[in-house]
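The values are calculated or read from the model by the stated rules, or taken from the named source; none is laboratory data. Please read all numbers here as calculations on a predicted model, not as lab measurements. Glycine gets a Cβ as well: all are built from the backbone with ideal geometry, and neighbour counts include every protein chain shown. Heads up: the accessible areas ignore ligands, DNA and RNA and are worked out on the full protein's heavy atoms, side chains in. Shrake-Rupley method; radii C 1.70, N 1.55, O 1.52, S 1.80 Å.
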Amino acid sequence: MSECITVKLDARSYDIHVGAGVAANAGKLLLPYAHGPVPVVTDANVAGLHLDSFADSLKSAGIDARPIVLDAGESTKSFRWLERLCSALLAVGVDRGGLIVALGGGVIGDLTGFAAAVLKRGIDFAQVPTTLLAQVDSSVGGKTAINTTEGKNLVGVFHQPRIVLADTALLATLPRRELLAGYAEVAKYGALGDGAFFEWLEVNGAKALAGEDAAIVHAVAHACRMKADIVARDERESNVRALLNLGHTFGHALEAATGFSDRLLHGEGVAVGTALAFRLSVKLGLCNGQDAGRFTRHLKAVGLPASIADIPGARPSVDTLLEHMAHDKKVKDGKLTFVLLRGIGQAFVTRDVPADILREILAE
Ligand code: NAD
Ligand code: GLY
């Protein structure tokens, strides 16, 4: 079972192939874009699990696959690793008419996409996301970036992939906690714009997380369809794309306050952040308590954190969280940007949140 979704961006349109076993067909699917040696950038964890079979698929189609294996982890999204990666790509000899493949999670996708965008002023690249988070979010939409000491994703460009291969079978080796963190982004799509999808997740989310083919393929494909639609309408985040940041203003502050450490994965921060966005919306009289309760119950039912108290370790103070929010990329004219909700599936962007109410929510 597989699905194909097109991100419609005129001449830069591309397909997202979602299905169990899609990577086994990678050779055939990537062949039209592959000219000369094709670097396959991955991390050490993914290399140990999936690189051989992936490279075999490319080789069987006659593609000259050249693996480049980087360290795993967020710290690889850095200038130091960008430099190393560019050197390795140049050593392979990929040129402007060629293709670079990112095989991995969001770290590999973001770094490789950025390297592809700047190397020789732009080379095509393909995303082969291997985490749930990367399959439903980071591999689609063309945001690429590295981190600096000043913060996350501060240096980057938009560079759309030529094709995305989201093989749900690769998720079988993903640690449960990483899978759940990606699921927070799936639930986010239901919350931000599709109440029927959220209802479907309430019934089928556990099956998707258990790896049942039909359920996980539907969840990933539906999330990709929603993201493809949003990106086609607003590639550069001038308006509707900002809805994808639901839960992120709170989430980023929580990630920063916990030192971007193992205490809180990005997706876990999004889970808590989205639950807080619902509670803030209720407090402002925008959303009913039943919808907020439903969202929180679903997070808890699948095993995700849904409140600040669920984060292990010392609770960050309200002042610390507010300070991190003040440094958010989305602050404009000194005002924080929030995505709030009128109900499940009805998100909107606002900068109109009274400071005292925000404090109350963070203190609850
Ligand atoms: P990640 O790439 O670090 O992967 C998480 C862990 O899972 C790593 O240890 C990795 O080695 C391992 N892994 C990956 N695939 C595996 C598999 N199939 N089996 C076993 N282990 C596997 O993290 P992530 O959560 O995928 O991505 C997070 C990054 O994505 C962050 O840097 C974030 O900023 C970025 N991001 C980007 C966008 C975007 O639009 N570009 C959107 C959301 C997040
Ligand atoms: N992950 C948010 C976006 O792609 O816009």
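List of remarks:
- Within the range 1-42, tally of residues that are hydroxyl-bearing (Ser, Thr, Tyr), more than 19 Å from Ile216 (Cβ to Cβ) and not in a helix (DSSP H, G or I): 4
- Some residue of the range 41-61 being at negative phi, of a type in the set (S, T, N, Q), surrounded by 23 or more Cβ atoms within 10 Å (Cβ to Cβ) and touching a strand residue (DSSP E or B) at 6+ places or on another chain (Cβ under 8 Å): yes
- In the range 77-96, the residues that are free of Cβ contacts under 8 Å to residues at least 40 places away in the same chain reach residues that are open to solvent by less than 30 Å² (accessible area, probe 1.4 Å) with C-beta atoms within less than 7 angstrom, at least six apart or across chains, in these pairs: Cys86/Ala115; Cys86/Leu119; Arg96/Ile123.
- Scanning the range 75-127 for residues that are open to solvent by 10 Å² or more (accessible area, probe 1.4 Å), assigned to a helix (DSSP H, G or I) and among the small types (Gly, Ala, Ser) yields a total of 6.
- Residues in the range 263-277 that are within 12 Å of ligand 1 (Cβ to nearest atom) and closer than 25 Å to Arg342 by Cβ: Gly267, Gly269, Val270.
- Within the range 288-313, the residues that satisfy the criterion of being closer than 14 Å to Gly205 by Cβ and without any contact (Cβ under 8 Å) to a residue 12 or more places away in the chain are Arg297, Lys300.
- The range 278-288, residues that are of a type outside the set (D, E, K, R), part of a helix (DSSP H, G or I) and out of contact with any Ser or Thr (no Cβ under 8 Å at 6 or more places or on another chain): Leu280, Ser281, Val282
- Look at (1) assigned to a helix (DSSP H, G or I); (2) open to solvent by 20 Å² or more (accessible area, probe 1.4 Å) and you find that Gly156 fails only one, number (1).
- With respect to the stated conditions, Arg66 fails to be surrounded by fewer than 24 Cβ atoms within 10 Å (Cβ to Cβ) and not in a strand (DSSP E or B).
- Some residue of the range 252-260 being surrounded by 18 or more Cβ atoms within 10 Å (Cβ to Cβ), within 13 Å of ligand 1 (Cβ to nearest atom) and charged (D, E, K, R): yes
- Restricting Ala309, Ala314 to those that are farther than 20 Å from Gly345 by Cα, open to solvent by 20 Å² or more (accessible area, probe 1.4 Å) and touching a Lys or Arg at 6+ places or on another chain (Cβ under 9 Å) reduces the list to Ala309.
- In the range 207-235, the residues that are closer than 17 Å to Arg176 by Cα and touching a residue at least 12 places away in the same chain (Cβ under 8 Å) reach residues that are within 16 Å of ligand 1 (Cβ to nearest atom) and part of a loop (DSSP other than H, G, I, E, B) with C-beta atoms within less than 8 angstrom, at least six apart or across chains, in these pairs: Asp213/Ala20; Ile216/Ala20.
- Meets criteria (more than 24 Å from Asn153 (Cβ to Cβ) and either part of a helix (DSSP H, G or I) or among the aromatic types (Phe, Trp, Tyr) (or both)) for Asn45: no
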